[in-house]
Amino acid sequence: MTTTRKIILKLGGSVITVKNKPYTPRVKTIKNIAFQLRNLIHEGHIELVGIVVGGGSYGHFTVSEFYGEKNYPYSEALYRITTSMTELALLVSDILAMYNIYTVIFPPHSFCKPRGIKPHCKWDYIDSFLSKNTVPLIYGDIYPCNSEWGFCIVSGDELALEAACHAKATLVVFVTDVDGIYDSEMKLIRKIHIDCLESLIGEAKDVNKGIDVTGGMERKLTAIKKIKCTSLKHIIVVNGLKKDLLYRALKNEDVPLTLIEL
Ligand SMILES: Nc1ncnc2c1ncn2[C@@H]1O[C@H](COP(=O)(O)OP(=O)(O)O)[C@@H](O)[C@H]1O
Ligand SMILES: [Mg+2]
């Protein structure tokens with residue numbers, strides 16, 4: 001008998017877009033992920049309680065265009081950044097619907113009020129949708145704040161962790177473009193306890209080929225390290241570019257990935 005795990009899935013910008021090519025989605029990859037998720041749901045392996053879409057070459061790119069500019073037109077920046085992420089969220093939502101996974105998009109700028117690294121979203125807004133078998137879809141976003149720059153960013157990684165706590169998920173899955181977390185010798189870490197993550201922070205070598213305004217793997221690790229959540233038992237970082245790795249990972253097959261134990 002299989003046990004159904006309640007999961008939050010974060011689709012990294014590195015996997016659903018070509019991170020160094022502005023506004024370039026990987027449509028085939030998103031379809032393949034949706035196909036795997038549909039099978040996992042139908043076979044009773046997972047209950048999907050939230051999907052988080054990362055910025056990739058949409059959000060991260062538009063933010064980088066305005067970052068540091070002293071005379072940027074503020075209203076235009078907010079317009080461009082929020083719409084670029086809404087477009088990516090809509091694309092992912094449309095593709096998921098083709099595979100009978102129906103999502104409702106919740107723009108974080110309209111229900112979150114971040115403080116520091118914590119998104120502070122009003123998660124109870126989305127509960128009634130969950131009870132109707134729709135999956136809330138949220139995304140890395142931007143909102144006006146009192147920083148020097150005038151904007152603050154709410155990162156998809158931090159949203160995924162906070163959403164998981166609220167929904168009492170037992171597992172957060174970070175789908176990305178690498179097999180997991182590598183150590184300083186570029187060896188894949190197969191399993192690590194959260195208390196040992198500290199040693200990796202600062203080691204995270206950037207083998208990345210794109211913009212990540214929220215700090216890439218390093219900030220992900222920092223956010224994971226800070227999470228205090230009793231329901232959450234595991235976090236996995238898995239490669240979403242490979243054909244059926246996500247499916248096999250969530251069926252508990254022994255595939256290359258990083259498992260973080262909490
Ligand atoms: N120690 C590390 N292990 C794995 N990936 C790393 C590491 N350090 C940096 N990276 C880079 O982090 C990228 C993933 O960044 P991340 O922001 O987590 O992705 P996403 O935004 O798609 O979730 C990988 O493409 C890789 O190049
Ligand atoms: Mg990232």
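The values are calculated or read from the model by the stated rules, or taken from the named source; none is laboratory data. What you see is a predicted model, and the numbers here were worked out from it, not measured in a lab. With ideal geometry, Cβ positions are generated from the backbone for all residues, glycine too; neighbour counts draw on all protein chains shown. Ligands, DNA and RNA are excluded from the accessible area calculation, which covers all protein heavy atoms including side chains. Shrake-Rupley method; radii C 1.70, N 1.55, O 1.52, S 1.80 Å.
Residues in region 141-159 include none that are aliphatic (A, V, I, L, M), open to solvent by less than 30 Å² (accessible area, probe 1.4 Å), farther than 18 Å from Lys228 by Cα and more than 16 Å from ligand 2 (Cβ to nearest atom). The selection criterion, being aliphatic (A, V, I, L, M) and at pLDDT 95 or above, holds for Val175.
Of the candidates Tyr99, Tyr58, the single residue that is touching a Lys or Arg at 6+ places or on another chain (Cβ under 9 Å) and under 26 Å from Val27 (Cβ atoms) is Tyr99. Val238: closer than 28 Å to Asn20 by Cα, touching an Asp or Glu at 6+ places or on another chain (Cβ under 8 Å) and either modelled with pLDDT under 95 or not in a loop (DSSP other than H, G, I, E, B) (or both), yes or no? Taking the combined requirement at face value, the residue satisfies it. State which residue pairs qualify: first residue basic (Lys, Arg) and inside region 11-31, second residue open to solvent by 70 Å² or more (accessible area, probe 1.4 Å) and not in a loop (DSSP other than H, G, I, E, B) in any location, beta carbons under 9 Å apart, and separation of 6 or more residues or different chains. Once the first residue is basic (Lys, Arg) and sits in region 11-31, its partners that are open to solvent by 70 Å² or more (accessible area, probe 1.4 Å) and not in a loop (DSSP other than H, G, I, E, B) give Lys31/Met98. Of the residues making up region 166-200, just one is more than 15 Å from ligand 1 (Cβ to nearest atom), open to solvent by 40 Å² or more (accessible area, probe 1.4 Å), closer than 30 Å to Lys113 by Cβ and part of a helix (DSSP H, G or I), namely His166.
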